[in-house]
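Reviewing the structure listed below.
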There are 2 protein chains.
Amino acid sequence: MNRRIVISIDAMGGDRGPAPILLGMDRALASNPSLHFLVHGDETQIGKLLDRRPALRGHCEIRHATQVVNMSEKPSRALRDGRDSTMWRAIESVAKGEAQVAVSSGNTGALMAMSIFILRKAPGIDRPAIAVIWPSQAPHGYNIVLDMGADVRADARNLLQYAVMGSEYARLSFGIARPRVGLLNVGKEPSKGPPELRDAAALIESAASERFEFVGFVEGNDLPRTTADVLVTDGFTGNVLLKTAEGTANFIRQSLTDAFRHSVWSRLGALFALTSLKRMRERIDPRRANGGVFLGLNGAVVKSHGGADAIGTASAIELAAKMAETDFPMLVARQLASLGAASPPARQADSGAVGANE
Amino acid sequence: MNRRIVISIDAMGGDRGPAPILLGMDRALASNPSLHFLVHGDETQIGKLLDRRPALRGHCEIRHATQVVNMSEKPSRALRDGRDSTMWRAIESVAKGEAQVAVSSGNTGALMAMSIFILRKAPGIDRPAIAVIWPSQAPHGYNIVLDMGADVRADARNLLQYAVMGSEYARLSFGIARPRVGLLNVGKEPSKGPPELRDAAALIESAASERFEFVGFVEGNDLPRTTADVLVTDGFTGNVLLKTAEGTANFIRQSLTDAFRHSVWSRLGALFALTSLKRMRERIDPRRANGGVFLGLNGAVVKSHGGADAIGTASAIELAAKMAETDFPMLVARQLASLGAASPPARQADSGAVGANE
């Protein structure tokens, strides 16, 4: 654990510019003084912000870059035209070995496409996956769900690899000694669903060990429950269900707002309910669940949410530091190899990524 | 439109017994005096309820049956052991031609399994589908989503049939002259997603007519939006996303309840907010979206929600009456045939149904 931890930061990718990101770095450094940062962004702007924080300055190296990937940019275009961007450079530092992990709060699709393109698949991994943390009734407040769209389809072997990667990620993030893995299906009974899912269930069941438990098939309504800590599905289903949940949450929020605007009395009610509503919103903010990590690449990338403030950025950096400390990508690759779940080191990442194949 | 309309009623299947169902029938009859009912249930119990409603009695024929399919019964078991149930008998009346449509507020899975088993696929339909109404920002308050799990997978041709069935159902339910159909995918761009979805998009696009418009790919967050009136997907994805949305809504409801219980002040806030919360809950009640119709069978079945009161039952009956008046199942089959989208009359329904293959 005495290894020098270097985190590569995309300082310009978020909605709010570099200020909250530097505040978050300062915060993370206060609780972990062994951190070092490669800060990709505008030298003048970042220099000025660092002038006010001399303690942080000593742990930072600024890498000047001014191109910023727009939040609405298409991944394919970002991949083609964004080679001078702070996002590209942040990931590239990991590929070059200058940093162990990259953190960005920029455009998710672009980050995914660039990460897969620059870092490539780790040896023995058939398909990388995107894992998100999903607000749940668990004591620590979240479950892990993957794949959220690195690839659209997954066979039994891919799903087994997701199960292993997801359970390692749950152990790292929440300290769960033996995460419970569930496989998403249309019903809990073993005979349910398409044959390839039943094959995957058999494969995951036989690979279960002291490192994870397999609880069998789970359903869409188990996502926010305590049925499983890790919910595994293919990238097509994952992408659709993430957007379905976000859409549902937004629709409820809008309906709630409309209901409270309905009359003078309901506006008064809203005043009284304000703190409660705020408390709830903080707990289930879909933007928090919108972040993710990319698993199965030659290097770690953490996606912080676009509107992250200092606290949000600090958590993303703390997660990134844990990934660097444990050499997480290699730990996962070794784990897969020991299960015999990995294929021989093979072809480079194909272009099936949801974000990359536009 | 002068045809005698006979609706077969499962009077015992709901959560609240026959009383609210008979109230709903009475209500529906008041606005449409041409309705007749075959009422499947306990003769004594229903007779007593009808004694208080002589007007309704003249439009009812009671068919005595006392076996009731339990709400938690597995579909496979209901199919095997439920042949004397009010649910089975209600569907059987449609198969025998005694009624044009059946209405039940019982166990959804059992109703689906029995409907497919008893009514079989309509000529020229490759696969039946389950369509649900989904709370949305549309002026009439709902979109149509299908398939919700009649079959787990769907090819391009199946998805085209769902598009046609769904748009006919949207016209019938909401009076939309030219429903806009969207195909669920992981992104809106034409190059997104798996190849079979791109094939399906081409097929649906070429079949678009004055009866429906094709708006292309839509995403999970479009379900409650006004992007499309009809959202088409395979039964696996449909089942997972329905349960995901229900799970999300329940989780938010629970979080809201917790937030309001947090302190004395928030409890006071809850009192003031009560009416607003009730108003919102009525709008987005997931149980309302949980109902559905079975499309593509030799006969029409409407699922009313389990806790339906008189108003809910009356709406289900009004929908059923519209289906009977328009001879909806045959209208859909003709529509498919005219598009060349139907296959030659083929094999009977296979056993791929989500509810039936346990």
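The values are calculated or read from the model by the stated rules, or taken from the named source; none is laboratory data. Please read all numbers here as calculations on a predicted model, not as lab measurements. For neighbour counting, all protein chains shown are included, and Cβ atoms are generated from backbone atoms with ideal geometry for every residue, glycine included. The protein model used for the area step is the full one, side chains on, heavy atoms only, and it has no ligands, DNA or RNA in it. Shrake-Rupley method; radii C 1.70, N 1.55, O 1.52, S 1.80 Å.
Data for the structure
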{"item": "Conditions (1) within 13 Å of another protein chain (Cβ to nearest Cβ); (2) within 17 Å of the chain's Cα centre (by Cα); (3) open to solvent by less than 10 Å² (accessible area, probe 1.4 Å); number of the one not met by A:Gly166", "result": "(1)"}
{"item": "Selection within region B:219-233 - more than 10 Å from chain A (Cβ to nearest Cβ), out of contact with any helix residue (DSSP H, G or I) (no Cβ under 6 Å at 6 or more places or on another chain) and open to solvent by less than 30 Å² (accessible area, probe 1.4 Å)", "result": "B:Ala228, B:Leu231"}
{"item": "A:Phe236 being open to solvent by less than 10 Å² (accessible area, probe 1.4 Å), within 10 Å of chain B (Cβ to nearest Cβ) and not in a loop (DSSP other than H, G, I, E, B)", "result": "yes"}
{"item": "Criterion: without any contact (Cβ under 8 Å) to a residue 40 or more places away in the chain, of a type in the set (Lys, Arg) and on the phi < 0 side of the Ramachandran plot - qualifying residue of B:Lys48, B:Lys74", "result": "B:Lys48"}
{"item": "Those strands (runs of 3 or more DSSP E) lying entirely in region A:13-131 with at least 1 residues closer than 17 Å to A:Leu319 by Cβ", "result": "A:35-41, A:101-104"}
{"item": "Qualifying residue in region A:188-196 (condition: more than 13 Å from chain B (Cβ to nearest Cβ), at pLDDT 90 or above and either surrounded by fewer than 20 Cβ atoms within 10 Å (Cβ to Cβ) or on the phi > 0 side of the Ramachandran plot (or both))", "result": "no"}
{"item": "Only one of B:Ser31, B:Ser72 that is within 21 Å of the chain's Cα centre (by Cα) and of a type in the set (Ser, Thr, Tyr)", "result": "B:Ser72"}
{"item": "So B:Glu246, is it acidic (Asp, Glu), within 10 Å of chain A (Cβ to nearest Cβ) and crowded, with 22+ Cβ neighbours inside 10 Å", "result": "no"}
{"item": "Subset tally (residues that are buried (at least 24 other Cβ atoms within 10 Å of the Cβ) and in a helix (DSSP H, G or I)) for region A:142-157", "result": "0"}
{"item": "Residue in region B:195-211 that is hydrophobic (A, V, I, L, M, F, W, C), in contact with a Pro (Cβ under 8 Å, 6 or more places away or on another chain) and not in a helix (DSSP H, G or I) present", "result": "no"}
{"item": "Odd one out for B:Arg178, checked against (1) at pLDDT 95 or above; (2) part of a helix (DSSP H, G or I); (3) surrounded by fewer than 24 Cβ atoms within 10 Å (Cβ to Cβ)", "result": "(2)"}
{"item": "Some residue of region A:254-274 being more than 17 Å from A:Ser167 (Cβ to Cβ) and under 26 Å from the mean Cα position of the chain (by Cα)", "result": "no"}
{"item": "Where A:Leu268 falls short, out of the listed (1) within 14 Å of another protein chain (Cβ to nearest Cβ); (2) at pLDDT 85 or above; (3) surrounded by fewer than 20 Cβ atoms within 10 Å (Cβ to Cβ)", "result": "(2)"}
{"item": "Residues (open to solvent by 10 Å² or more (accessible area, probe 1.4 Å), under 20 Å from B:Pro135 (Cα atoms) and more than 14 Å from the chain's Cα centre (by Cα)) located in region B:311-336", "result": "B:Ile311"}
{"item": "Checking A:Arg283 against (1) closer than 21 Å to A:His140 by Cα; (2) at pLDDT 90 or above; (3) within 9 Å of chain B (Cβ to nearest Cβ), the condition it does not meet", "result": "(2)"}
